[in-house]
Structures are given as C-alpha cells and as structure tokens.
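The values are calculated or read from the model by the stated rules, or taken from the named source; none is laboratory data. Everything numeric in this text was worked out from a predicted model, so none of it was measured. As a convention, Cβ positions derive from the backbone with ideal geometry for all residues, glycine included, and neighbour counts pool all protein chains shown. Remember, those area values only see protein heavy atoms, side chains included, never the ligands or the DNA or RNA. Shrake-Rupley method; radii C 1.70, N 1.55, O 1.52, S 1.80 Å.
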Amino acid sequence: MPTRVWKFALFLCIPSWLIFGQAAFSLAHEIRPAVATLALEPGARFELSIVVNIEAVIAGIGARHRNTDESPNAREYNRLRALPPEALRAEFDQSAKRYLDGITIEFDGRRVRPAVSAIEIPPAGDLALSRQTTVRLAGAAPAAAKALTFAYAARFGSCVVRVKEGARLDAVWLKDGLRSAPYVPGKGFDQRTLKDVVLDYTALGFTHIVPKGLDHILFVLGLFLLSLRMAPLLIQVTAFTVAHTLTLGLSVYGVVSLSPAVVEPLIAASIAYVAIENVVTPTLKPWRALVVFGFGLLHGMGFAGVLQEIGLPHGQFVPALVSFNVGVELGQLTVILLAFLAVGVWGRNRPWYRPRIVIPASSIIAAVGLFWTVQRVLAG
C-alpha cells in the first residue's frame, strides 16, 4: 500500500474513532426545534403549548450551536439539566418574561401577550438525554380576527408552529426568527406558495440526514462500505429507498403505526447488523437486499415520526410529503458521494481496502449501533 494512501487512511480513521466514540453522547445533546401548537378555541380564546428544551433557553444556547456541548454555556446547561422539576420551574420563572417577550402572536396586526397557564417538566432521568418540557400558555383573541401570525425569537432557535382549528392542523417551519405567513381561519397558511412548501420540506428532509441524522448516516455508510461496485450498491440503496418511502407514506396517513420506543432501538440494531455483516463476510450475500428492505421499513417509520411531530401543511399535504422524501434521498446520496470521494476513489479494487477501511470503520459503526440499541431500550 503506498505511503500516501496509508497516511490518508489514518487521517480518516483516527478522527472517525474520536467522532463515533463520542457520537452517542453528543447526539443526545442535539438542539431540536421547539414545537409550538396553537389551538384556536370557540369564545375568542387560544391556547399555546410549546415543547422545548427549556434548559437550553434559560442557558442562552440558541440556533448558532448544533448541540449544547458546543456552547460556552454548556456548564450552565448541564447544571440545569440535573435539576429536579421543582427547581427547574423556579429557574424558568426567573426567565419567563424574557422567554415570553420572544414569542410574538398577532391577530390582524395587533400583538396579544399570553400568560403561562402551566409547565410540565419531566423528571431529570438520564442526564445524557435532552429533556423536553411543555410550556402551556393561554390568552384572549379578537372574536372576528381575520388572520394571525406567529414568530419565535432567533435567540431561542428554530420553531415549528402548528395551528389547530377543530380537526384541521396546519404547520410551518420558522427559522432565524422569521414571522409566519398569515394564518387565515378556515383556510390555513394560504399565502404559502407551492415553491415555499417544496423548498422548506426538501430542506427539512435533507437536514434530517445531513447533518442531524447520524444514525441514518451510519446505516448508509454501512451499506456503502462492503462493496464499491455500483450495481450492488444501487440495489441496496433502491431497496432501502422503496421501503422507507412506503412506510413513511403509510405512517403519515395513519395506516401503520409503531411506537418510537420500538422503532428507535430497532433502527439502532439495524445499524449494528449491517456493520457486523460487513466485518464477518467479505462479499455481499443474496439476502442482503431483502434485509436492507426490512430495515428500510423501520427507518421510514423513524422519518414519519419527524413529520408527525412537525406536521404537514393542510392544503399541500402531498407536495410536502414528497418534498421531504426527496430531501431525505438527496441527503443519503450526499453521504454516499462524500464517502466515495473520501475512500472509494482510493480503495476501488485495492487489496488493502477491506483490512484497512471496511473492517475498522464497520467495527466502529457496529459499536455505536450496539450502544444506541442498549441506550434506547433503557430509555424507552
């Protein structure tokens, strides 16, 4: 093996050990978008529930950080994360005015300031996992309001706002403190164009893979590593794509349903299985595509969980669903392309590819997958 290639392989593998060795911990501190559900009620009232990492809000960790560990306020976040619910509630009360000032609700251009009606804080539990608190607000709305808008301050990160009106549920993803398009009662976010929906949900699907979907990235890398030949790789990727597209659509439409407590550990186990198979066998087996198809069904339910949490625009349900899936595919293809440029160009038909790249990288991926499996089973 040429010296320059060996150095290049070391350059890839050593950081990989560091990254994957810490992955299970850093991923747990990832900053997720807040999910705000605004329910319009008869009698000119509204209720707003926001599911949010309130420790990150209090500590001042916002959208500029991918996870809490990257922030200079990480120590304060960790202190808050360890507090029992009563003590964290006291901390929130001191920051409540600042938080409410960052939430803008306007009816026909007039701002309405809601009040905190309740706050539901789970027990501290596993400190390696982020805690999702539900902040419940309520306020009065003009009886004949023609439209409402919502904004969430950029310093708190991104937010998915869902407006619930009877059986209707419309959603929009707000980033960088942007104000929502007006929501018209009975019509929804009508001002959103098809282009806006396609761009938003394609971006949402892509970022769910790159950079946020480390578990899906590792699974795709597991598919890539065993064989650099295009035909076997395309068969695996196609099987995976068809399967997760199927369950994504069926899950979003409510035809199939499986608890995340079951799906998430199985997704982690699928990562470990593919990686272990890479280690124990030097060639693709005939059943690999069928196994990948089965795992794709699980991953599709995982993707659906994201959409069900965020919601889909009522009037453009299908374009949003298709766009999200396109974004997921673009993310997966990006992972494969980067992996091919990193090791595929160097390793194709080389005797050192398997012992120097496949086995070490697959072993790391298998270890992370097994760790996540145990972690998610215990967390569930």
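When segment 150-187 is filtered for residues that are at pLDDT below 90, among the charged types (D, E, K, R) and assigned to a strand (DSSP E or B), the ones remaining, listed by number, are 164, 165, 168, 170. Using the structure shown, decide if residue 256 is in contact with a Leu (Cβ under 9 Å, 6 or more places away or on another chain), surrounded by fewer than 18 Cβ atoms within 10 Å (Cβ to Cβ) and not in a helix (DSSP H, G or I). Yes.
Which of the residues belonging to segment 32-51 are under 20 Å from residue 113 (Cβ atoms), open to solvent by 10 Å² or more (accessible area, probe 1.4 Å) and not in a loop (DSSP other than H, G, I, E, B)? Walk me through how you get there before you give the answer.
First, the residues of segment 32-51 that are under 20 Å from residue 113 (Cβ atoms): 34, 36-41, 43-50.
Among the residues that remain, those that are also open to solvent by 10 Å² or more (accessible area, probe 1.4 Å) are: 37, 39-41, 43-45, 47, 49.
Answer for segment 32-51, where residues must be under 20 Å from residue 113 (Cβ atoms), open to solvent by 10 Å² or more (accessible area, probe 1.4 Å) and not in a loop (DSSP other than H, G, I, E, B): 37, 39, 40, 41, 45, 47, 49.
Candidates are the residues of segment 334-362 that are in a helix (DSSP H, G or I) and charged (D, E, K, R); the one that is surrounded by the most Cβ atoms within 10 Å (Cβ to Cβ) is 356.
As a summary of the residue check, residue 132 satisfies the conditions (1) more than 20 Å from residue 36 (Cβ to Cβ); (2) under 22 Å from the mean Cα position of the chain (by Cα); (3) open to solvent by 20 Å² or more (accessible area, probe 1.4 Å) except for the one numbered (1).
Scan segment 160-172 and give yes if some residue there is farther than 28 Å from residue 319 by Cα, of a type in the set (D, E, K, R) and touching a residue at least 24 places away in the same chain (Cβ under 8 Å), otherwise no. Spell out the reasoning first.
Just the residues of segment 160-172 that are farther than 28 Å from residue 319 by Cα, to begin with: none.
No, that holds for no residue.
Within segment 127-148, the residues that satisfy the criterion of being modelled with pLDDT under 90, among the aliphatic types (A, V, I, L, M) and in contact with a helix residue (DSSP H, G or I) (Cβ under 8 Å, 6 or more places away or on another chain) are 127, 128, 129. Within segment 191-206, at least one residue is under 17 Å from the mean Cα position of the chain (by Cα), at pLDDT 85 or above, under 30 Å from residue 347 (Cβ atoms) and open to solvent by 30 Å² or more (accessible area, probe 1.4 Å). Where residues in segment 188-198 are in a helix (DSSP H, G or I) and free of Cβ contacts under 8 Å to residues at least 40 places away in the same chain, which of them is nearest to residue 38 (Cα to Cα)? Going through the qualifying residues, I end up with 196.
Just one of 154, 140 is closer than 14 Å to residue 39 by Cα, open to solvent by 20 Å² or more (accessible area, probe 1.4 Å) and not hydroxyl-bearing (Ser, Thr, Tyr); which is it?
Details: 154 fails: closer than 14 Å to residue 39 by Cα.
Of 154, 140, the one residue that is closer than 14 Å to residue 39 by Cα, open to solvent by 20 Å² or more (accessible area, probe 1.4 Å) and not hydroxyl-bearing (Ser, Thr, Tyr) is 140.
Would it be correct to say that residue 271 is open to solvent by 10 Å² or more (accessible area, probe 1.4 Å) and touching a residue at least 24 places away in the same chain (Cβ under 8 Å)? No: the conditions fail for residue 271.
Looking at 83, 100, which is the one that is of a type in the set (A, V, I, L, M, F, W, C), in contact with an Asp or Glu (Cβ under 9 Å, 6 or more places away or on another chain) and open to solvent by less than 80 Å² (accessible area, probe 1.4 Å)?
Numbers: 100 fails: in contact with an Asp or Glu (Cβ under 9 Å, 6 or more places away or on another chain).
Step by step, each of 83, 100 is checked, and only 83 is of a type in the set (A, V, I, L, M, F, W, C), in contact with an Asp or Glu (Cβ under 9 Å, 6 or more places away or on another chain) and open to solvent by less than 80 Å² (accessible area, probe 1.4 Å).
Please identify the pairs in which a residue from segment 208-226 that is touching a residue at least 60 places away in the same chain (Cβ under 8 Å) and on the phi < 0 side of the Ramachandran plot has its Cβ atom under 7 Å from the Cβ atom of a residue that is open to solvent by 30 Å² or more (accessible area, probe 1.4 Å) and hydroxyl-bearing (Ser, Thr, Tyr), counting only partners at least 6 apart or on another chain. If the second residue must be open to solvent by 30 Å² or more (accessible area, probe 1.4 Å) and hydroxyl-bearing (Ser, Thr, Tyr), the pairs left are 210/334.
Comparison of 315, 331, 296 shows that the only residue that is in a helix (DSSP H, G or I), crowded, with 21+ Cβ neighbours inside 10 Å and either in contact (Cβ under 8 Å) with a residue 60 or more places away in the chain or in contact with a Cys (Cβ under 8 Å, 6 or more places away or on another chain) (or both) is 331. Among the residues of segment 365-376, those that are surrounded by fewer than 21 Cβ atoms within 10 Å (Cβ to Cβ) and among the β-branched types (Val, Ile, Thr) comprise 373, 374. What number of residues within segment 106-121 are closer than 18 Å to residue 49 by Cα, in a loop (DSSP other than H, G, I, E, B) and either open to solvent by 50 Å² or more (accessible area, probe 1.4 Å) or of a type in the set (Gly, Ala, Ser) (or both)? Of the residues in segment 106-121, 1 are closer than 18 Å to residue 49 by Cα, in a loop (DSSP other than H, G, I, E, B) and either open to solvent by 50 Å² or more (accessible area, probe 1.4 Å) or of a type in the set (Gly, Ala, Ser) (or both). For segment 235-251, the criterion of being crowded, with 19+ Cβ neighbours inside 10 Å and in contact with a Lys or Arg (Cβ under 7 Å, 6 or more places away or on another chain) is satisfied by at least one residue.
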